[in-house]
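Student: Dropping the structure in here first, questions after.
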Amino acid sequence: MNPITPIINGLKITLKHMFMKPVTLQYPTERPKVAKRYRGLHALNVSHDKAKCVACYLCPTVCPAKCITVEAAEDANHDKYASVYEIDMLRCIFCGYCVEACPVDAVKMTEEFELANYNRQDFIYSKERLLVK
Amino acid sequence: MVNLTIDGKQVTAPKDATIYDAAKLNGIKIPILCHDKKLKPFGACRMCLVEVEQMKGRQIPACTTPVTEGMIIQTATPEIVKARELVLELLLLNHPLDCPVCDKAGDCDLQNLTYDYKVDSNRFTDLKFQHEIDYNNPLIERDMNRCVLCGKCVRICDEIVGYGALTFIDRGIETKIGCEFEDGLNCEFCGSCISVCPVGSLLARPFKHKARFWALTKHESVCGYCGTGCRLTLGVKDNKVLTTIYDENQGFHKGQLCVRGRFGYQFINSKKRLTTPLIKKNGRLIESTWDEALDLVAGRLNRGNSVAALAAPRLTNEELALFKKLLVENVGTKNFDHAAGYAHAALTEGFSRSFGATASSASILDIQKSDLLLVIKTDSYETHPVVGFEVNMAVKNKGVKLSIISDKRGKLSKLPHAQTLVHRPGSEVAVLNAIAWTLLDEKLVAGSASLIAGYADLEKSLSGFSAEAVAAQCGISAADIKKLASEYAAAEKALIIFPAGQAYSGHNADLATAAANLAFLTGKYDKEGCGVLCLSEKNNSQGAVDMGFFAQDGGLNGLQILDSCAEGTVKTLFIAGENPLTSYPNRSKVKAALEAVEFLIVSELFLTETAAMADVVLPVCSFAEKDGTFTSTDRRVQYFKQAIRKSVLIKTDYEVFSSLIARLGGVAPATPAVLFSEIADKTAGYQGMTHVSLLKEGAFAAAVTTPKFIVPQAAAPFTAETGKLSLVTGSALYHNGTLSQYGEGPMHVCPENYVELSRTDAALYKIAEGDLVTVSSSSGSLQLKAKITPRMPAGVVFSPYHFSDAPINTIWSGAPVTSVTVSK
Ligand code: SF4
Ligand code: SF4
Ligand code: SF4
Ligand code: SF4
Ligand code: SF4
Ligand code: FES
């Protein structure tokens, strides 16, 4: 084979790519399109102005990373609710088991993936932060 | 034994077994929902249906059908499985299915069966139950929407507890479980009904929503309240004891507990617990370090005879033995005691003289094996409720006769055919002597009795106790005394039971010997179902006696120690866990003594009123935070393991005593286990026991007895001063000692002291239920809530001793009976 041929072939590819749409996303100026079933940051569903969560402890039980803390309490109507609901995002492996386990559809995973933070403490998401706004 | 075939397997079973028992015995599982091995067969739920070939393949309940020879049984044919699925579908039809918020989930029979039988849809539709839920009860939450009407709660409350608080009300589809007149639940709060409820209809309110069942670690332990020695399973999460868990295979009592054992655990993780050593500086207790506190204590202990100690019989055997070692070998004093001295006299003076052993000659297990129970004081139920359950079952299931000699009536008096002879307060020894006299007089004495040492002396000394003479003083008729004597003599097996404790100063050595004399005269001792059982008050009262932690060889006893503190001869007093300011008689005297003593050391869980007076307070562990052994009142030695980690700055009493021994130049055995092997070597009956061997069950320490007749001194008959009432002290069902005040559960249902009086007296003094009345004696006066009950005889009032807020010892100086006035 002529020693020049591979070089020409290579240049051809390079030239072709110069006219193609770039693959690289210019994040953060450009935003990715997140799939519907993406498992991002959790959120607690709300109904009747209250978190739907009934503090059944199934999500902390099933969570393989043991990163969910629930503490149950009784409200004025004697209903059970989560007085504490915390997820430690540093430990979460985003497996989605919690969502699957929940018997009352109280926890979901959103498309939110920008979870960076400066302090470890800020990775612990309290109930307040998790509630669907 | 009968032979039968279950699922094609040839098996044998005892004649009186049901099909369910036979299957279980042979490892074949039949599902049950309404059956409980402790209760009589009921057959309400039909989960246990099986087919018996001889009955033409009909489906019959296994839990109620007795086995017969040659039965051929199928337990899991497709038809049976279908029938069980139908049962479950029907149960789930009206059930709220609120497992996510139900605390029973994870431990629920209905849930488990539904899962096993994969019942995930329902052919039928109907409305859910809409019963009102009882959220108001402080201890037991009742949600009848979840009820499967198995009737276990109703049955256990009747058959074992003997209270009968719950019943089926209404009929048909409306049927539910409730109290009479659909009232709130106001019962003994033993929680037995909660423990057997297969679903979440009855739940412990203090544990509500605290944790899911599967998140709890279960730790076997021994109850830290009374001397019954019930075994206990603590439910622990995040190093906190959150609840007690029922285990139907645990202990002689099969997991049944009383209100204190079941609901009194909250003192363990109480916020009021002491967390660091305190030292008094300028009149105030200031937080300090262990080194400083122990150095200070060691410096004050080095003073021989001027040092004295009081220990609570709640410490473990190992701790009491080590404390004694510290006092005898390193301090050089014999002045130590427990339970005020007199509360253990029945054992240490009474039984030791009569039986030659400081232990009861019968066990709790003898109760159901006896033919006649002679109970002294109905209070035996209140002091030892689970022993009371045994009495209930003996009377109801085994037809055991129950005779009670008491100064008031009580729960035991209500048992079928129970006869209660109510005597004037303080005359129990005289009554027992009169029974002994009758036995002699009517020649009801066993042949062997005259061979027992002291027979002649006894015969002579009883001459003044003819039934007629005693009847005149004690208020029981001579005929009744004689009848009781002849019944006692005629019974093949008879057991005498009496409680002892700090509030029962009349239950002393004389009472013990008088009771022992009856057993000796009729030959009813050293045999199954016979003997005399002293119910010691605290969880390790018997252990404290076995460890020799009481005044001996000229050492000062509990009350003498306090006297000597006041006189100044005792200069350093070490109180480990006792709370004499509330629990010893004569508060002003105790207070003066504790003020007078130069240096007071208290090791405690809480800053009790006694600890508040101390110069050094050492924070120590509860039973859940340490390991060791307790000896129950019938000498069952039980080992328990640490259930939770202790907080950093507290120590076990064992560690405290070890460090003190080290500071005084001695060496303490490294661990409680090592010390226990020493204890086992030298304590009568404990030979061969080790912590490891006691791990599963515990073992009885046998007592070798040699009977001897001792002449009991009967107190002169008590007559209240004119116009006054006779006050008797005692224990309340919901409490034990002063510790239960910190155990939340008991305080929810019995939060304050009270005085119980008869209707006659209430009418006489125009007192209504709940009135605040002033009770005065020669030593003081006290404001108490009035409680009017039919059980009190006219002229007698009763008040328990557990309460720091209204301590009965302000008006009680230790006499068995005190003259008091009651006014509004
Ligand atoms: S996504 Fe998985 S790891 Fe994360 S909280 Fe849920 S169960 Fe736990
Ligand atoms: S599983 Fe659902 S209801 Fe249960 S605790 Fe988790 S979020 Fe709450
Ligand atoms: S707590 Fe005890 S006494 Fe009360 S209803 Fe239940 S079983 Fe009966
Ligand atoms: S409350 Fe519980 S124990 Fe009582 S009948 Fe209903 S299901 Fe059975
Ligand atoms: S207090 Fe006594 S009777 Fe009650 S559970 Fe404890 S050991 Fe048993
Ligand atoms: S368990 Fe046999 S009928 Fe309920």
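The values are calculated or read from the model by the stated rules, or taken from the named source; none is laboratory data. Predicted model, so just to flag it, every value in this text is computed and none were measured. Here Cβ is always computed from backbone atoms with ideal geometry, including for glycine, and neighbour counts include all displayed protein chains. These accessible areas exclude ligands, DNA and RNA; they are computed on the full protein's heavy atoms, side chains included. Shrake-Rupley method; radii C 1.70, N 1.55, O 1.52, S 1.80 Å.
Student: I want to confirm something. Restricting to region B:85-121 and keeping residues that are within 14 Å of chain A (Cβ to nearest Cβ) and open to solvent by less than 20 Å² (accessible area, probe 1.4 Å), which single residue is nearest to A:Lys52 (Cα to Cα)?
Tutor: Result: B:Cys102.
Let's see how each residue does on (1) more than 14 Å from chain A (Cβ to nearest Cβ); (2) under 18 Å from B:Leu733 (Cα atoms):
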| site | (1), (2) |
| --- | --- |
| B:Leu166 | yes, no |
| B:Glu188 | yes, yes |
| B:Val199 | yes, no |
| B:Lys208 | no, no |
| B:Gly235 | yes, no |
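Student: Moving on to the next point. Can you spot a residue in region B:19-32 that is within 16 Å of ligand 4 (Cβ to nearest atom) and away from chain A (no Cβ under 14 Å)?
Tutor: yes
Student: Would you mind stating whether B:Phe168 is in a helix (DSSP H, G or I) and surrounded by fewer than 17 Cβ atoms within 10 Å (Cβ to Cβ)?
Tutor: Taking the combined requirement at face value, the residue does not satisfy it.
Student: Condition check: within 12 Å of ligand 2 (Cβ to nearest atom), closer than 30 Å to B:Ile133 by Cβ and touching a strand residue (DSSP E or B) at 6+ places or on another chain (Cβ under 9 Å). Does A:Val99 satisfy that?
Tutor: Criteria not met by A:Val99.
Okay, residues lined up against (1) touching a helix residue (DSSP H, G or I) at 6+ places or on another chain (Cβ under 7 Å); (2) within 14 Å of chain B (Cβ to nearest Cβ); (3) of a type in the set (Val, Ile, Thr); (4) free of Cβ contacts under 8 Å to residues at least 40 places away in the same chain:
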{"position": "A:Pro103", "(1), (2), (3), (4)": "yes, yes, no, no"}
{"position": "A:Glu111", "(1), (2), (3), (4)": "no, no, no, no"}
{"position": "A:Asn117", "(1), (2), (3), (4)": "yes, no, no, yes"}
{"position": "A:Val132", "(1), (2), (3), (4)": "no, no, yes, no"}
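Student: Inspect region B:35-54 for any residue being farther than 30 Å from B:Lys396 by Cα, within 16 Å of ligand 3 (Cβ to nearest atom), surrounded by 17 or more Cβ atoms within 10 Å (Cβ to Cβ) and of a type in the set (Lys, Arg) and give the result as yes or no.
Tutor: No, region B:35-54 contains no residue that is farther than 30 Å from B:Lys396 by Cα, within 16 Å of ligand 3 (Cβ to nearest atom), surrounded by 17 or more Cβ atoms within 10 Å (Cβ to Cβ) and of a type in the set (Lys, Arg).
Student: Considering every residue within region B:138-154, establish whether at least one is in contact (Cβ under 8 Å) with a residue 40 or more places away in the chain, at negative phi and away from ligand 4 (no atom under 13 Å from the Cβ).
Tutor: Within region B:138-154, one or more residues are in contact (Cβ under 8 Å) with a residue 40 or more places away in the chain, at negative phi and away from ligand 4 (no atom under 13 Å from the Cβ).
Student: Kindly indicate whether B:Leu285 is crowded, with 17+ Cβ neighbours inside 10 Å, in contact with a strand residue (DSSP E or B) (Cβ under 6 Å, 6 or more places away or on another chain) and under 20 Å from B:Leu562 (Cβ atoms).
Tutor: no
Let's see how each residue does on (1) open to solvent by 10 Å² or more (accessible area, probe 1.4 Å); (2) in contact with a helix residue (DSSP H, G or I) (Cβ under 9 Å, 6 or more places away or on another chain); (3) touching a residue at least 40 places away in the same chain (Cβ under 8 Å); (4) not aliphatic (A, V, I, L, M):
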{"residue": "B:Ile367", "(1), (2), (3), (4)": "no, yes, yes, no"}
{"residue": "B:Val375", "(1), (2), (3), (4)": "no, yes, yes, no"}
{"residue": "B:Pro385", "(1), (2), (3), (4)": "no, yes, yes, yes"}
{"residue": "B:Leu402", "(1), (2), (3), (4)": "no, yes, no, no"}
{"residue": "B:Leu432", "(1), (2), (3), (4)": "no, yes, yes, no"}
{"residue": "B:Ile435", "(1), (2), (3), (4)": "no, yes, yes, no"}
{"residue": "B:Ile452", "(1), (2), (3), (4)": "yes, yes, yes, no"}
{"residue": "B:Leu458", "(1), (2), (3), (4)": "no, yes, yes, no"}
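Student: Kindly establish whether B:Pro198 is closer than 27 Å to B:Met47 by Cα and touching a residue at least 60 places away in the same chain (Cβ under 8 Å).
Tutor: Criteria met by B:Pro198.
Student: Looking at region A:66-100, which of the residues that are among the acidic types (Asp, Glu) and facing chain B (nearest Cβ under 10 Å) is nearest to A:Thr110 (Cα to Cα)?
Tutor: Within region A:66-100, the match that is nearest to A:Thr110 (Cα to Cα) is A:Glu71.
Student: Here's a check for you: in region B:39-81, which residue that is more than 16 Å from ligand 4 (Cβ to nearest atom), out of contact with any Phe, Trp or Tyr (no Cβ under 9 Å at 6 or more places or on another chain) and under 14 Å from B:Asp21 (Cβ atoms) is farthest from the other protein chains (Cβ to nearest Cβ)?
Tutor: The residue in question is B:Thr68.
Student: Does region B:778-796 contain any residue that is in a strand (DSSP E or B), open to solvent by less than 60 Å² (accessible area, probe 1.4 Å) and more than 30 Å from B:Phe606 (Cα to Cα)?
Tutor: Scanning region B:778-796, I find at least one residue that is in a strand (DSSP E or B), open to solvent by less than 60 Å² (accessible area, probe 1.4 Å) and more than 30 Å from B:Phe606 (Cα to Cα), so the answer is yes.
Student: Failed condition for B:Cys147, given (1) in the same structural domain as B:Tyr246 (by TED's automatic domain parsing); (2) open to solvent by 40 Å² or more (accessible area, probe 1.4 Å), with all others met?
Tutor: The number of the failed condition is (2).
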